[in-house]
1. Using the structure shown, decide if residue 185 is within 23 Å of residue 219 (Cβ to Cβ), assigned by TED's automatic domain parsing to the domain that holds residue 223 and among the aromatic types (Phe, Trp, Tyr).
2. Working carefully through the options 167, 176, 220, find the one that is touching a Cys at 6+ places or on another chain (Cβ under 8 Å), on the phi < 0 side of the Ramachandran plot, modelled with pLDDT of 95 or more and of a type in the set (Lys, Arg).
3. I'm checking my understanding of the structure. Among residues of the range 91-132 that are surrounded by fewer than 24 Cβ atoms within 10 Å (Cβ to Cβ) and among the small types (Gly, Ala, Ser), which one is nearest to residue 160 (Cα to Cα)?
4. Based on what the data block shows, is residue 142 surrounded by 21 or more Cβ atoms within 10 Å (Cβ to Cβ), in the same structural domain as residue 119 (by TED's automatic domain parsing) and at pLDDT 95 or above?
5. Filter the range 174-187 down to residues that are crowded, with 24+ Cβ neighbours inside 10 Å and not aromatic (Phe, Trp, Tyr), then give me how many there are.
6. Which of the residues that make up the range 151-163 are surrounded by 15 or more Cβ atoms within 10 Å (Cβ to Cβ) and in contact with a helix residue (DSSP H, G or I) (Cβ under 9 Å, 6 or more places away or on another chain)?
Amino acid sequence: MKASKFLGFFTVVSLLTLNVACKESSNKEETDQTAETVEVADNTAEEAAEETRTGYKIGDVATDFSLKNTDGKNVALRDMADAKGYIVIFTCNHCPYAKAYEDRIIALDKKYKAKGYPVVAINPNNPEKMKDDSFEKMQERAKEKGFTFPYLLDDGQKIYPQYGATKTPHVYILQKTDNGNVVKYIGAIDDNYEDESAVEAKYVEDAVDALLAGKDVPVKETKAIGCSIKA
């Protein structure tokens, strides 16, 4: 009789334990599925935003701006009187893609500044959403890497929407003309952010070289690869 009662009790406990385990497994699966759904939705939203990107298009005239540099002084495109154009790059501190391109951005400025196409870097991120992209962190990064170009804060995030930038890094090459600063190229720096030695297409260099030679830009627009801008 005692053995029968014990067996019955053990059976009930086993069923209850199995039921709890099943519920926990079901909840975990639902949580995982929800996370996956959110991630897919975010990616889909970013892709859709890229496809419907607003802002400047090739041939548009870009308005000037005046933004605070890491040295505390405001910088405007018109301040660079000797420039023939500008390599405007929306970038930031925290993004792995942006970090991967930092040395290449420095090299672009060193190569083309003397030829009339200086780099102008702009951090478009909201520092309240991304603490590593605060103005103080920008100053630290510029000093640490030895930036040779202005690194500006898009305070209030008013400039990047005008351009239509969606990623960091995102490049806009402007040519100075009598009618204003005309957009000649939009997109990526090159075709391989992971390995500079494996780059096959140097989009920015090819574009600037063409402009300096008085030729048409061979590839006018590419897809920017990077982190989404934190608004």
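The values are calculated or read from the model by the stated rules, or taken from the named source; none is laboratory data. Only a predicted model underlies this, so the values are computations on that prediction, with no experimental measurement involved. A quick note on method: Cβ atoms are made from the backbone with ideal geometry, for glycine too, and the neighbour counts reach across all protein chains shown.
1. Yes: the conditions hold for residue 185.
2. 167
3. 100
4. Details: surrounded by 21 or more Cβ atoms within 10 Å (Cβ to Cβ): no; in the same structural domain as residue 119 (by TED's automatic domain parsing): yes; at pLDDT 95 or above: yes.
Judged against the criteria, residue 142 is not a match.
5. 2
6. Within the range 151-163, 151, 152, 153, 154 meet the criteria.
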